[in-house]
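Trainee: I have a structure here, written as structure tokens, and I will follow up with some questions on it.
The values are calculated or read from the model by the stated rules, or taken from the named source; none is laboratory data. Since this is a predicted model, take the numbers as computed values, not measurements. All Cβ positions, even for glycine, are placed from backbone atoms using ideal geometry, and neighbour counts span all protein chains on display.
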Amino acid sequence: MMGHGTDGNFPSLSSCSQLLELFPYNYAIPFYFGSLAVQSGLSHSYMYLAYDDDTNGSNVVMPWETRLSQTLDGRTVARNVSPCPEVDTMVDAVVELIHDWHSCCTRNSQQQILHDNVL
């Protein structure tokens, strides 16, 4: 789990590693580290921490979109906010990542058994 901007060392992670990136409100670039993670063979997820009262639909960011303030001051403020997701939301995300990790490990284990039986 990492906040956007953390210098992730993706190549050193195992093939079933799960990456969850957190973006503060008004500063989201999911494809930046997301594309690096996928190219390194990792699973990438992200959470955009929008305000609950954001009713104009900008609380959802698609993987190919960005959410950036139009001013340098706005981007500076957004980058300096400490992300604080709701506990239930964070727990749900981590449980889903653990499930995905377990499924990946099971698949890899089964593939290894098949490979060993062929040899």
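Trainee: Can you name every residue in the stretch 73-97 that is assigned to a helix (DSSP H, G or I), exposed (fewer than 11 other Cβ atoms within 10 Å of the Cβ) and under 16 Å from the mean Cα position of the chain (by Cα)?
Mentor: Step one: filter the stretch 73-97 for residues assigned to a helix (DSSP H, G or I), giving 73-80, 87-97.
Those still in the list that are exposed (fewer than 11 other Cβ atoms within 10 Å of the Cβ) too: 73, 80, 87-88, 95.
Of everything in the stretch 73-97, just one residue is assigned to a helix (DSSP H, G or I), exposed (fewer than 11 other Cβ atoms within 10 Å of the Cβ) and under 16 Å from the mean Cα position of the chain (by Cα), namely 95.
Trainee: Let me ask something else. Residues in the stretch 1-29 that are over 13 Å from residue 82 (Cβ atoms), modelled with pLDDT under 80 and under 11 Å from the mean Cα position of the chain (by Cα): how many?
Mentor: Residues in the stretch 1-29 being over 13 Å from residue 82 (Cβ atoms), modelled with pLDDT under 80 and under 11 Å from the mean Cα position of the chain (by Cα): 2 in total.
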